[in-house]
Amino acid sequence: MATVTLSSIAKSFGPTRVLGGVDLDIADGEFLTLVGPSGCGKSTLIRIIAGLEHQDGGAVTIGGQPVDHLRPHERRVAMVFQSYALYPHMSVRQNIALPLTMSRLKLWQRLPLLRALSGQRRAVMRGIEADVAAAAAQLQLDHLLDRKPAQLSGGQRQRVALGRAMVRHPDVFLMDEPLSNLDAKLRVHMRTELAELHKRLGATFIYVTHDQVEAMTMSDRVAMMDSGTILQLGTPSQLYEKPGSLKVAQFIGSPAINLLPASVGAGGRLELFGRPMSLTVQQPQGQAMTLGVRSEALSLVQGEPAGAGRAWFSARLRRKENLGSEYILHFDLAGRDLPGVTMRTSPAQAASVAEAAEVTLGFDEAACHLFAADGERIEPRGPGVASASIVPLRA
Ligand SMILES: Nc1ncnc2c1ncn2[C@@H]1O[C@H](COP(=O)(O)OP(=O)(O)OP(=O)(O)O)[C@@H](O)[C@H]1O
Ligand SMILES: [Mg+2]
């Protein structure tokens, strides 16, 4: 088992700088996910760890050992790709066994005519068979070993690719969007399988996805990347509850966080749609700010809007989205040329409001996230807000 340390990893393709000096310490046995928008450098970074790509600057160590001079198969890592990369003419058994036949059999023992003559080869093959059977049993592939990849479902193919990684007993599993070719239901199922596999194997997993739900549900920690740098590193709940920047807030969470324009009034007091809130910030008067509020933090306000520590605004119900156990209500901000807001609520609450109704939405001010014009998180002061809380931006 192994730690993975990245120090100042930089990479350019021609004039394009793709990674701008990435530092990251991944603990032994950790499930770490790299998440971020398309093109932000996730695949490039994981391919550098695998040794499939070479960095221009910085160093990679695995288990405390520098690996930059080692070829991919010498690094005790195994990579699982989105495309599975299975050989179509080989059976499931042969596909899973491939890394072992390549490493344990000498070249002449793999040749069709000579191999039949070797007793030694038969002994090695029996060992390989046993290892393949053990991996297949873990992944419930036992009954499919004689099929070809074309005769498998997407989820089964993905499990074969995992099996091929597992038989090498790598210290580190590197996975680049391994679930993105699967349909939505299977993806949800495979998320659980992968998380359980990680627990069973105890190996270090580094997982790449642009799907924030995958990142949030499986990982010990998430590194959110953007434009070749890590914006924030933390547990899923740290990223959700204390996004360090507007970009992280917008990327993490579904439905996406609601963003409202706020401004700084006299004495640093925040104003939402011209109404003073009880929060204050150390920003110049007139400064525009962005106020983020998650859809589950909004509620319908009946009668007089509540007092101190609660903010409110008017909205008009555009659409109800029934998710079965809950509803997402979509509102327009009445009379304002702004994107609407979403509210997550119970079926009973959703039933209490009709489409096109004008309502008042309220939220606890302590539950809001504030961002300055440059997108950085600002901690306000006010009732119910823990003052000067430290945001762990980097580990
Ligand atoms: N071999 C290459 N030559 C030139 N540019 C490349 C090469 N590989 C990647 N890039 C560029 O580097 C940037 C980062 O690519 P990368 O594949 O790492 O992104 P990603 O975060 O994995 O995106 P996605 O979510 O779409 O897979 C992109 O702008 C891409 O076009
Ligand atoms: Mg990629």
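All other residues with a Cβ under 15 Å from the Cβ of D28 taken together, and with Lys, Arg as +1 and Asp, Glu as -1, what is their net charge?
Details: positive: R76, K199, R221; negative: D25, E30, D171, D220.
Value of the local net charge: -1.
Could you put D211, D183, D364 in order of accessible surface area, largest first, with the 1.4 Å probe and the full protein assembly present?
Details: D211 40, D183 95, D364 75 Å².
If we order D211, D183, D364 from most to least accessible, we get D183, D364, D211.
Go ahead and collect, in residue order, the members of the stretch 149-182 whose backbone nitrogen is under 13 Å from a label point 7 Å along the Cα-Cβ direction of L201.
159-176, 178
Debye sum, Cα scatterers, the stretch 255-378, no solvent: what log₁₀ I/I(0) at q = 0.11, 0.23 1/Å?
After summing over all Cα pairs, the log10 values are -0.37, -1.39.
How do the peptides 52-65, 27-40 rank, highest first, by the average count of neighbouring beta carbon atoms within 10 Å per residue? Can you show the working numbers first?
Values: 52-65: 15.2, 27-40: 18.9.
The densest-packed peptide leads the list: 27-40, 52-65.
For the chain, what does the accessible surface come to per residue with a 1.4 Å probe? Please give it in Å².
Details: 18300 Å² over 395 residues.
Spelled out: the 1.4 Å probe surface of the chain, per residue, equals 46 Å².
How much FRET efficiency would the formula 1/(1 + (r/R0)^6) give for A266 and S83, where r is the Cβ-Cβ distance and R0 is 45 Å, rounded to 0.05? Mind showing how you got there, number by number?
On the way: r = 59 Å, r/R0 = 1.31.
My answer for the efficiency is 0.15.
Less than 12 Å Cβ to Cβ from S12, Lys/Arg counted +1 and Asp/Glu -1: what total charge do the surrounding residues give? It would help to have the intermediate numbers written out before the result.
Numbers: positive: K11, R17; negative: E53, D56.
Spelling it out: positives minus negatives among the neighbours equals 0.
Could you tell me the number of lysine pairs in the chain with C-alpha atoms less than 29 Å from each other, where the two lysines are 8 or more residues apart or belong to different chains?
Step by step, the pairs that qualify in the chain add up to 14.
For the chain, what does the helix formula give at 222 nm: sum of -39500 (n - 2.57) over DSSP H segments with n ≥ 4, over the residue count, nearest 500 deg cm²/dmol?
For the chain, the value works out to -7500 deg cm²/dmol.
Write down the Kirkwood hydrodynamic radius of the chain, to one decimal in angstroms, obtained as one divided by the mean of 1/r over all alpha carbon pairs.
Values: mean 1/r = 0.0415 Å⁻¹.
Evaluated over the chain, this radius sits at 24.1 Å.
What's the extension gain from S254 to H189 if we count 0.36 nm per residue and subtract their Cα-Cα distance?
Details: separation 65, 0.36 × 65 = 23.40 nm, distance 1.88 nm.
Additional length available on full extension: 21.5 nm.
Calculate the FRET efficiency for A348 and R147 from the Cβ-Cβ distance with a Förster distance of 51 Å, rounded to the nearest 0.05.
On the way: r = 49 Å, r/R0 = 0.97.
Calculated transfer efficiency: 0.55.
How would you classify the stretch 239-314 from its alpha-carbon gyration tensor, with a ≥ b ≥ c the square roots of the eigenvalues: rounded for a/c under 1.5, else prolate if a/b is greater than b/c, otherwise oblate? Please report the intermediate quantities before stating the final value.
Numbers: a/c = 2.24, a/b = 1.13, b/c = 1.98.
Oblate, since a/c reaches 1.5 and b/c is not below a/b.
The values are calculated or read from the model by the stated rules, or taken from the named source; none is laboratory data. Quick caveat, the model's predicted, so the values are computed rather than measured. We place every Cβ from the backbone using ideal geometry, glycine too, and count neighbours over all the protein chains shown. For the accessible areas, the whole protein counts, side chains as well, though only heavy atoms, and no ligand, DNA or RNA atoms are used. Shrake-Rupley method; radii C 1.70, N 1.55, O 1.52, S 1.80 Å.
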